[in-house]
Every structure is written in C-alpha cells, then in structure tokens.
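One structure below.
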Amino acid sequence: MANLIPSNLYVYGHERAGKRSRRTRLEICAQILEYLQFNLLRLSEIAFYVGLNYKAAKRYVELLMKNNLINAVKKNGKTYYVATLSGRKFIKHFEEIN
C-alpha cells in the first residue's frame with residue numbers, strides 16, 4: 001500500500017521563519033487527522049509523522065477516538081487508524097480558519 005502523504009505537510013513544527021514553535025493540542029489533533037484522511041496508519045507511524053513520542057501519540061489517538069474523529073481498523077492482526085467522516089469535516093473546517 002503506497003502512502004499518500006500530501007507533500008505540503010511538514011513532519012515537525014510549522015513553517016514560521018524556520019523556527020520551531022510549540023503546537024497547540026488542536027494543531028496536533030488536526031495534523032494527525034490530515035495524515036489519517038488519506039492513509040491507514042499504525043500508532044508508531046502516527047507518532048513518527050507528527051513528531052510525538054509513542055505515549056503522547058497514544059493519548060491523542062485515544063482522544064480522537066473518544067470524540068469519534070478516527071476509527072481503529074484491524075488488518076492482519078494489527079491495528080490501523082483512519083479518519084471518520086466527522087474527522088474529515090473537522091480538518092476541512094480547521095484548514096478554513098487557519
């Protein structure tokens with residue numbers, strides 16, 4: 001399965017003058033959803049792409065699942081995550097205001 005990661009997404013931080021700034025929880029959730037709207041990703045892959053450690057990524061994934069923005073999918077005995085329709089709507093609105 002080929003990853004369809006959009007080329008305009010950054011793995012870490014923001015594009016502000018080459019200086020890394022702290023991201024808000026909302027920005028981190030939005031970044032996770034951006035990756036999951038095109039891909040089935042495992043928790044370790046989410047952690048890598050978003051620039052979080054595994055424990056922090058797990059907390060964000062649990063938060064997003066609790067709010068029905070992502071779903072867990074079992075495939076070949078492994079758990080993958082994907083954005084729900086609500087998650088896709090969220091990211092669309094987030095991009096409009098950001």
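Filter the stretch 31-45 down to residues that are among the aliphatic types (A, V, I, L, M) and more than 9 Å from TYR81 (Cα to Cα) and give me whichever is surrounded by the most Cβ atoms within 10 Å (Cβ to Cβ).
Top of the filtered list is ILE32.
For the stretch 65-79, check the following and say yes or no: at least one residue is closer than 18 Å to THR24 by Cβ and either buried (at least 17 other Cβ atoms within 10 Å of the Cβ) or among the basic types (Lys, Arg) (or both).
yes
Mind checking which pairs have a first residue in the stretch 58-84 that is touching a residue at least 24 places away in the same chain (Cβ under 8 Å) and among the small types (Gly, Ala, Ser) and a second that is assigned to a helix (DSSP H, G or I) and surrounded by 13 or more Cβ atoms within 10 Å (Cβ to Cβ), Cβ under 9 Å, 6 or more apart or different chains?
ALA83/ILE32; ALA83/LEU33; ALA83/GLU34; ALA83/TYR35; ALA83/LEU36; ALA83/LEU64; ALA83/PHE90; ALA83/ILE91
So how many residues does the stretch 67-84 have that are touching a Gly at 6+ places or on another chain (Cβ under 8 Å) and closer than 9 Å to LEU36 by Cα?
Selection size over the stretch 67-84: 1.
Counting only residues that are free of Cβ contacts under 8 Å to residues at least 24 places away in the same chain and hydroxyl-bearing (Ser, Thr, Tyr), how many does the stretch 47-57 have?
1
No lab work stands behind these numbers, since they all come straight from the coordinates. This structure is a prediction, so every number in the text was calculated from the model and none was measured. Cβ atoms come from the backbone with ideal geometry, glycine included; neighbour counts cover every protein chain shown.
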